[in-house]
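Engineer: Okay, here's the structure, questions in a sec.
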Amino acid sequence: MKFQFSEKKVKLPQNVHAYAEKKVMKLARFFEEDAEALIVFSVEKNRNNVELTVHGAGTWFRARESTSDMFASIDAAVGTIEGQIRKNKTRLARRLRQDAFTRTAEETSFTPDEKEEDLRIVRIKQFYFKPMTREEAVLQMNLLEHNFFAFRDIDNGESFAVVYRRHDGDYGLIDDIG
């Protein structure tokens, strides 16, 4: 597994990076050797934040945890991703490493008979996506009090796009590059 570390508004000692690498390596058994892990450390209002993104086998996993201790945040982020993998293990079994879900002696808390949630679509809506500017789309999203809004982006040849409200209060854009 390849590691990449990033620090925002904080300078951490090397032992924190080593600890994070050791903990994230527990996830390596789920992935092939070419998997990548990006770990972003930050501190906001006396909270130690860790955002862990793991990419392998064409699948992305992301967890963001915040505690009063950086080591606890690392543990929580790894636990969250491990939970995501186990929760969706049946669907992921074809994409991840073949022996990823064989039990080891250290795994005693995992119950293999967890109920898998059904991924069924219960409602379908069809819309006409009006061509508009990105600013108009953000305005429309705010007027509807939604967290996202899909539209045809005039600024990009009327391609399909989505604007969304980020956790930090800013806005993001998902744009079609095809």
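The values are calculated or read from the model by the stated rules, or taken from the named source; none is laboratory data. Just so it is clear, the structure is predicted and the values come from calculations on it, not from any experiment. Because the Cβ atoms are built from the backbone with ideal geometry, glycine has one as well, and the counts that use them run over all protein chains shown. Side chains are part of the model used for accessible areas, which takes the heavy atoms of the whole protein and leaves out ligands, DNA and RNA. Shrake-Rupley method; radii C 1.70, N 1.55, O 1.52, S 1.80 Å.
Engineer: What does the convex hull of the alpha-carbon atoms of the range 3-66 project to on average, in nm²? All intermediate terms of the calculation are to be shown ahead of the outcome.
Structural biologist: On the way: hull surface 17.3 nm².
Mean orientational projected area (the range 3-66, Cα hull): 4.3 nm².
Engineer: Give a quick list of GluC sites (Glu not before Pro) in the range 4-72 that DSSP marks as loop, anything other than H, G, I, E or B, with at most 12 other Cβ atoms within 10 Å.
Structural biologist: On the way: sites: E7, E21, E32, E33, E36, E44, E51, E65; in loops: E32, E33.
Filter output for the range 4-72: E33.
Engineer: Still on this structure, please answer the following. May I ask you to list the trypsin sites (Lys or Arg not before Pro) in the range 7-58 that are in a DSSP loop and have at most 12 other Cβ atoms within 10 Å of their Cβ?
Structural biologist: On the way: sites: K8, K9, K11, K22, K23, K26, R29, K45, R47; in loops: K9, K11, K45.
Answer in residue order: K9, K11, K45.
Engineer: Calculate one ³J(HN,Hα) per residue across the range 43-53 by plugging θ = phi - 60° into the Karplus curve 6.51 cos²θ - 1.76 cosθ + 1.60, and present them in order as whole Hz with x for glycine and proline.
Structural biologist: 10, 9, 6, 6, 10, 9, 9, 10, 10, 10, 10
Engineer: While we're on this one: Determine ³J(HN,Hα), in whole Hz, for all residues of the range 135-146 in sequence, where each value follows from phi through the Karplus function 6.51 cos²θ - 1.76 cosθ + 1.60 and θ = phi - 60°; x replaces Gly and Pro.
Structural biologist: 5, 4, 5, 5, 4, 4, 4, 5, 5, 7, 6, 9
Engineer: Here's another thing I want to ask about it. Between Q4 and R47, how high is the FRET efficiency from 1/(1 + (r/R0)^6) when r is the Cβ-Cβ distance and R₀ = 22 Å? Nearest 0.05.
Structural biologist: On the way: r = 22 Å, r/R0 = 1.02.
Efficiency, rounded to the nearest 0.05: 0.45.
Engineer: Quote to one decimal, in nm, the extra length available between W60 and Y128 on full extension: 0.36 nm per residue of separation minus the C-alpha distance between them.
Structural biologist: On the way: separation 68, 0.36 × 68 = 24.48 nm, distance 3.04 nm.
Difference between extended and current length: 21.4 nm.
Engineer: Heavy atoms only, 1.4 Å probe, whole protein assembly: order I154, I177, I124 by accessible area, highest first. Could you put the intermediate results ahead of the total?
Structural biologist: On the way: I154 85, I177 170, I124 140 Å².
From most exposed to least exposed: I177, I124, I154.
Engineer: Something else now. Quick check: pseudo-label points 7 Å beyond the Cα along Cα→Cβ at I174 and A72, how many nm apart are they?
Structural biologist: The answer from the label model is 3.3 nm.
Engineer: At 1.4 Å probe size, what's the solvent-accessible area of Y171? Round to the nearest 10 Å².
Structural biologist: Roughly 100 Å² of Y171 is accessible to a 1.4 Å probe.
Engineer: So what are the ³J(HN,Hα) numbers for the range 64-71, from phi and the Karplus equation (6.51, -1.76, 1.60; θ = phi - 60°), rounded to whole Hz, Gly and Pro as x?
Structural biologist: 10, 10, 9, 9, 7, 10, 4, 5
Engineer: Using +1 on the beta carbon of Lys and Arg, -1 on that of Asp and Glu, and nothing else charged, what's the dipole of the range 120-178 about the Cα centre, debye to 20? Before the final figure, lay out the partial values.
Structural biologist: Working: 8 positive and 10 negative charges, 97 e Å.
For the range 120-178, the charge dipole is close to 460 debye.
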